[in-house]
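Heads up: the structure comes next, in structure tokens.
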Amino acid sequence: MNKEQARIRTGDEMRPEDHSFEGDYRPPSSVPARTQVRVDPLQTDFLVRLADALNTTLDLQTLMQRTADMVRAVIDYRIFAILLLNDRTNELRMRFQIGHTPEAERMRIPMGRGVVGQAALTREPVLVPDVTRTENYINVNPDVRSELAVPLIVKNRVIGVIDIQSEQPDYFQQEHLHLLKLTASRIGQAIENARLYTRVARQAQMLQVLNEISREITSILDLESLLERIGTLLRRVIDYQMFSIWIVNEQDHVLENRFALRFGERFYPDEKLPLNQGLVGAAIAERRLIHAPDVRKDPRYRMFNPETRSEMAMPLIYKGKVIGILDIEHTRPHFFNEDHERAITTLAAQVAISIENARLYQRVAQQEQSLEADLAMAREVQLRLLPSVKPKHARAEFSARFLPARTLGGDLYDFIPYDAQRSAVVLGDVSGKAAPAALYAALVSGIMRSEATQKLSPSEMLKTLNDALQERHLDSQYVTMLYAVWNDENLTVQLSNAGAVQPLFCRDGEVETVKAEGFPLGLFPDVKYEEFTLSTQPGDSLIFYSDGIVDAQNAAGEMFGSERLAVTVKKNMHKSASKMADAIMSEVGRFQKGVERFDDETVVVLKVQAAKS
């Protein structure tokens, strides 16, 4: 197609002399000038159809395709492009094209460079009849001979350029320029609306993704798994190439890498970063996002990955304190945009909380492991504090059973030999549970053992213990205790009670409660304790037990109670002390039926025997 064959078309092919245009339109020299400018109905029809095409979509790609189709209806171009201006880089980027090579499509054209750059800079259309005679022309396609570029201006701001090219010199005429100007004036605002809609839709989608990410990472408590998941999820909103999370080491004043990805592969940098250097140091010092569009032009940049060209470093702040840095990088300069900045800023707070929660959980888990080891050792020590052997008397048999509610228990029992005929039987229950109760029980046991050499009566022993605990007073700590002394010579039991559960006495199938009372040890000073003497005969049984026995509950919330205990004792009255103790613990266990024990359970049985012949 040569210059004479060029046509302005609106659907069907039209002759230039069949219509005229508004504004500064001037007919070709071959057409006689009109004495009066009139509105061309074909042009009006074109503008109406253009408006309809633009007003029925907010999708940017569809909008630009329709524009290309509408322009082709009136200008028979071979090469077409719409370039949009990147405000951050001040460069034009091809967003839609027909007929261009892939190399041309990837180009970034600075303002003022080439025909399109000149149109954007001068804000005026540029018509080049022969590009070979233009010094500013960017020669990407050697077959191009003529070019027409018209700036897209919205609210006095250049947003891009619409550009058409031909393989024939002098192809484009003033009529084409005028039509392209009319087109540009209409599509500029439509493009801005579409970009705004796209931006809002993308932001809404990004917020939804960020919300999903926040919900997911808050449920991960393993630190290694959390950091890996953060790297995976962040790629849904930012197509980074390098990603790393650095944690502040306050002791050494450095950043230590805890997780890093490089081109999708995990890597393990050994280098530690100073807190006051590089972009990460600036992010820590300024406590805000540091975005370097081109790290080669940023004096703060310290090279870590040689391929990096753009970088964002976001401080992770928890309770006003920087705990680390979230760093993402790309090999392309000016890659990250405002949407990326908003995304990483929005996500950083939740990442900081999740990391701190995971670190806290990790510390707690480590402490629990250490504590479990300590508790296992403490339980071993506690069990060794319990008597390893029972008293051996001709007329009495002794047995004890102990089940702590936790690893450590607050119940204690002991057998203390006085002489060949006498032994003390002790059962105590410390307030509270677990380690504090066990430690207090050890304290009580130690004092009691040290005083046992004096062979004190039950009332004297309880008073001595109470006075000693008053000297070592601990708030809210006390112990209830039964202290009894068995005399194998006259078959008597001397008994004093410091607030413990009253024991049961069984004789000839009758089970009674020994009515002995008193104040717990360690609560009040200068307390005196009553003392009772029980005379026994062969076959009698005395059962000491902690409140964990009668307070044991089943799944229905019922307690084992003293009545069930009395029935159990009566049913097993003819058994030995050991078998009776076993029967009581078994009956309590069957009653609980797997319900977790909430209190220590202790039973001590004294069974009076007949004299051996």
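Just a few scattered comments:
- Read-out volume of the Cα convex hull per residue in Å³, derived from the coordinates shown; its label in (i) 242; (ii) 157; (iii) 172: (i)
- Restricting the chymotrypsin sites (Phe, Trp or Tyr not before Pro) of the range 257-360 to loop positions (DSSP other than H, G, I, E, B) with no more than 15 neighbouring Cβ atoms within 10 Å leaves F263, F267.
- Summing charges over neighbours of N490, with a neighbour being any other residue whose Cβ is under 15 Å away from its Cβ, gives -2 when K and R count +1 and D and E count -1.
- Per residue, the chain reaches -12000 deg cm²/dmol at 222 nm when only DSSP H runs of four or more residues are counted, each adding -39500 (n - 2.57).
- Under 5 Å between amide hydrogens, built in the peptide plane, is the criterion, and for L275 it picks out L255 among residues at least 5 positions away or on other chains.
- If the segment from A201 to D419 were pulled out straight at 0.36 nm per residue, it would be longer than the present Cα-Cα gap by 69.3 nm.
- Each label point was placed 7 Å from the Cα along the Cα-to-Cβ direction; for R449 and D475 their separation is 3.1 nm.
- Gain in span if fully extended, D59 to R287, counting 0.36 nm per residue against the direct Cα distance: 78.3 nm
- Between T345 and L121, the modelled label-to-label distance comes to 3.3 nm, taking each label 7 Å out from Cα in the direction of the beta carbon.
- Shape category assigned to the range 222-295 from the gyration tensor of Cα positions, a/c cut at 1.5: oblate
- Anisotropy class of the range 223-362 from Cα gyration tensor, a/c 1.5 cut: rounded
- For the range 565-579, Karplus couplings with θ = phi - 60° (6.51, -1.76, 1.60), whole Hz, Gly/Pro x: 5, 4, 4, 5, 4, 5, 5, 10, 5, 8, 7, 5, 4, 5, 5
- For the range 113-121, Karplus couplings with θ = phi - 60° (6.51, -1.76, 1.60), whole Hz, Gly/Pro x: 9, x, 5, 5, x, 5, 4, 5, 6
- With the simple model of a label 7 Å out from the Cα in the direction of the Cβ, H574 to T331 spans 9.3 nm.
- Lys/Arg +1, Asp/Glu -1 at C-beta; the chain dipole; positive extreme among V237, V479, M585: V237
- Note on the chain: antiparallel DSSP beta bridges, both residues inside, total approximately 100 percent of the bridges counted.
- For S399, S450, the sequence from fewest to most other C-beta atoms within 10 Å is S450, S399.
- Above-threshold pairs, the threshold being 25 Å between Cα atoms, out of K463/K570; K392/K579; K528/K607: K463/K570; K528/K607
- Residue-wise HN-Hα couplings along the range 527-539, as the Karplus relation 6.51 cos²θ - 1.76 cosθ + 1.60 with θ = phi - 60° gives them from phi, are 8, 10, 10, 6, 10, 10, 10, 10, 9, 10, 9, x, x Hz; Gly and Pro carry x.
- Nearest 10 degrees, 0 to 90: helix 174-217 Cα axis against the chain principal axis: 10
- Förster radius 41 Å - calculated FRET efficiency between T89 and R258, Cβ distance, rounded to 0.05: 0.80
Read the figures in this text as sums done on the coordinates, not as results from a lab. In this text the structure is predicted, and so the values were computed from the model without any measurement. Methodologically, a virtual Cβ is constructed for each residue, glycine included, from the backbone with ideal geometry; neighbour enumeration extends over all protein chains shown.
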